[in-house]
1. Mind checking which residues of the range 217-226 are in contact (Cβ under 8 Å) with a residue 40 or more places away in the chain and either of a type in the set (Gly, Ala, Ser) or near the ligand (Cβ under 8 Å from one of its atoms) (or both)?
2. Testing residue 204 on (1) within 12 Å of the ligand (Cβ to nearest atom); (2) outside the structural domain of residue 267 (by TED's automatic domain parsing); (3) polar (S, T, N, Q), one condition comes back false. Which one is that?
3. Any chance the range 218-229 includes a residue that's part of a helix (DSSP H, G or I), among the charged types (D, E, K, R) and not assigned by TED's automatic domain parsing to the domain that holds residue 267?
4. Considering (1) open to solvent by 30 Å² or more (accessible area, probe 1.4 Å); (2) closer than 14 Å to residue 117 by Cα; (3) modelled with pLDDT under 95, say which one residue 137 fails and leave the rest.
5. Residues in the range 104-156 that are farther than 13 Å from residue 175 by Cα and either more than 10 Å from the ligand (Cβ to nearest atom) or not in a loop (DSSP other than H, G, I, E, B) (or both): how many?
6. Going by what's in this entry, would residue 257 be described as outside any helix (DSSP H, G or I), within 16 Å of the ligand (Cβ to nearest atom), in contact (Cβ under 8 Å) with a residue 60 or more places away in the chain and under 16 Å from residue 196 (Cβ atoms)?
7. Taking the range 230-252 as the search range and keeping residues that are open to solvent by less than 50 Å² (accessible area, probe 1.4 Å) and assigned to a strand (DSSP E or B), which one is farthest from the ligand (Cβ to nearest atom)?
8. If you go through the range 157-187 one residue at a time, how many are part of a strand (DSSP E or B) and within 10 Å of the ligand (Cβ to nearest atom)?
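The values are calculated or read from the model by the stated rules, or taken from the named source; none is laboratory data. Everything quoted here is computed from the prediction, not taken from an experiment. For neighbour counting, all protein chains shown are included, and Cβ atoms are generated from backbone atoms with ideal geometry for every residue, glycine included. Ligands, DNA and RNA are stripped out before the accessible areas are found, and what is left, the full protein with its side chains, is counted by its heavy atoms. Shrake-Rupley method; radii C 1.70, N 1.55, O 1.52, S 1.80 Å.
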Amino acid sequence: MKIVVLSRNKNLYSTRRLIEAAKERGHEVRVLDVLRSYMNIASHKPQIHYRGEVIENVDAVIPRIGASVTFYGTAVVRQFEMMGVYPLNESVAITRSRDKLRSLQLLSRKGIGMPVTGIAHKPDDVQDLIRMVGGAPLVIKLLEGTQGIGVVLAETQKAAESVIEAFMGLKANILVQEYIKEAGGADIRCFVIGEKVVAAMKRQGADGEFRSNLHRGGSASLIKITPEERSTAVRAARIMGLNVAGVDLLRSNHGPVVMEVNSSPGLQGIEAATEKDIAGMIIQFIEKNARLNSTRTKGKG
Ligand code: ADP
């Protein structure tokens with residue numbers, strides 16, 4: 001097969017591993033920098049060009065779209081869909097999962113467990129917002145943050161009020177969430193391919209840190225997940241419409257709660273923690289499922 005990996009940098013671990021796994025299995029693979037790809041959206045013959053060349057006869061595309069290039073990146077994936085190319089994750093699903101508010105609303109609509117969560121932009125009654133989600137301690141998140149930046153634990157009502165007011169001053173969308181203390185500064189990353197959790201790791205925050213992000217000094221280890229956690233992760237990925245997803249869960253007293261569903265989950269941490277060939281499993285999934293003109297939306301989304 002001819003496989004395209006859409007990635008900004010071919011030296012990133014995840015991109016390198018996907019190239020390696022595709023080659024090992026006898027495929028032709030090429031990395032395109034999504035921002036350097038340009039498109040002709042003519043109705044009869046949609047095309048993608050790259051450095052003066054027409055990109056043709058591609059069987060499958062693996063989007064590795066960073067959060068900062070979601071808008072243009074999903075347009076390129078959509079263009080591949082219009083050309084009939086099989087995308088590992090469809091553009092609409094990526095767009096859906098990148099919108100945190102939309103994702104949480106979709107998940108809650110289908111009864112997926114999540115921390116009690118409030119969404120606000122400029123509430124007039126901050127105390128009511130706090131009451132609405134059960135009072136302090138609370139986790140308050142800046143919606144635009146990644147890697148744990150802009151995620152604050154407010155232990156008291158007063159602290160919660162001042163953090164919310166400070167975030168409101170930034171004119172940002174904020175998320176106010178029940179603090180899952182019993183998670184003990186750890187979360188679980190479930191790596192979903194198709195309808196299966198193929199690997200799971202526990203990420204534990206550094207001492208005294210409630211955020212488990214590896215970028216903040218957290219450490220990863222192998223973990224055995226429960227059937228309930230497994231089915232929650234699979235359902236969350238399915239609701240998003242993602243074939244491949246990293247579903248982040250917390251272990252709460254009321255069962256597994258989903259924090260986030262990631263559409264371009266990194267391979268480095270999970271392959272290291274589990275010693276599994278996740279890149280190989282992704283390529284195998286493509287071999288089994290890639291058909292031309294088989295996307296659900298054909299670029300309509
Ligand atoms: P980001 O997307 O920036 O990584 P997250 O929402 O994933 O932000 O939060 C970062 C980390 O903080 C999580 O991995 C988790 O360990 C911790 N955390 C987030 N929300 C909660 C919560 N409601 N209760 C307990 N811990 C939380």
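1. Step one: of the range 217-226, the residues in contact (Cβ under 8 Å) with a residue 40 or more places away in the chain are 220-222.
Listed by number, the residues that qualify are 220, 221.
2. (2)
3. Of the residues in the range 218-229, the ones part of a helix (DSSP H, G or I) are 227-229.
Remaining after also requiring among the charged types (D, E, K, R): 228-229.
If we keep only those that are not assigned by TED's automatic domain parsing to the domain that holds residue 267 as well, we get none.
No: zero hits.
4. Failing condition for residue 137: (3).
5. 18
6. No: the conditions fail for residue 257.
7. If we take residues in the range 230-252 being open to solvent by less than 50 Å² (accessible area, probe 1.4 Å) and assigned to a strand (DSSP E or B), then 244 is farthest from the ligand (Cβ to nearest atom).
8. Initially, the range 157-187 is screened for residues part of a strand (DSSP E or B), giving 174-178, 186-187.
Then keep just the ones that are within 10 Å of the ligand (Cβ to nearest atom); that gives 175-178, 186-187.
Qualifying residue count, the range 157-187: 6.
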